[in-house]
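Just so it is clear, none of the values below were taken in a lab; they were calculated from the coordinates. Quick caveat: nothing in here was measured; it's all calculated off a predicted structure. Don't worry about glycine lacking a Cβ; one is built from the backbone with ideal geometry, like all the others, and counts go over all protein chains shown.
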Amino acid sequence: MIAASVLSADFAQMGAEARSALEAGADLLHFDVMDGHFVENLTMGSSMCRSLRRTLPEAFFDVHLMVTDPAKFVDSFAEAGANHITFHVEAVPDPIALAVTIHSAGMTAGLAINPPTGVSRLMDFVEHVDLVLVMSVNPGFAGQDFMPAVLQKAQEIRPLLRADQRLEIDGGINAQRAPAARDAGCDILVAASAIFNAADYAAAITTLRSPGGILTGRR
Ligand code: DX5
Ligand code: ZN
């Protein structure tokens, strides 16, 4: 699946941008929520979800919290119409408790891991979440270069997951990188700049899905 991160959309046209990405074939809308503290950037809050939910009642809203205290925001995102919340293992002392809180609020829960953090950090928590998100850049900004070393981590995490759990990868995903991410076992690819900086969103999404990426035809 392809998750279109609205971080690279034109914020002045957000409703139209989100709709265009979905019509172009994106399966999920990905919301990068940054607090200027856990990461060096400030982006959006639950009001972005609330407004888009009014105009896109059926879309799946995949919220990625890059904040120091994710528990504080669960209720407001649930009320705003989020379907899913991913939080960072680096941010939370008790990931199991937070996953329970997210589930109780009617959403699915994901656990994200930053590039420098080892897979062992996730081990005790994986069975309690619906998704693991492997960061392939240090979070904070769209448009950064993919870090190939994290593919190894994805390969290690995949066998830990049940068939009903998803493995998402986020950061620097483009046509060149998508095939390797899929080969490493990732089943949701997040892309911001590769979609919203493209002239043709549908063509960009089709390329992300195609077996050889830009090398279509070679395999
Ligand atoms: C990175 C965010 C990503 C980001 C991806 O901090 O979590 O979701 O928007 O942007 P691209 O696809 O441009 O690397
Ligand atoms: Zn993200």
task: Quick one: work out the % antiparallel among DSSP beta bridges in the chain, nearest 5.
output: 5
- prompt: Stretched out fully, how many nm does the piece from Q155 to S76 gain, at 0.36 nm a residue minus the Cα gap?
  reply: 25.0 nm
field: Inter-centroid distance (Cα atoms) of the range 128-165 relative to the range 1-34, Å
entry: 20
task: Starting from the exponent 0.38 and prefactor 2.2 Å, build the expected Rg for the chain from its residue count and divide its actual Cα Rg by it.
output: 0.94
query: Stretch M1-A105 to full length: gain in nm at 0.36 nm per residue minus the Cα-Cα span?
result: 35.0 nm
Per-residue HN-Hα couplings for the range 123-133 [Karplus 6.51, -1.76, 1.60; θ = phi - 60°; Hz; x = Gly/Pro]: 2, 6, 10, 4, 5, 8, 10, 8, 7, 10, 10
task: Quickly work out the E90-to-E58 label distance, labels modelled 7 Å from Cα along the C-beta direction, and quote it in nm with one decimal.
output: 3.8
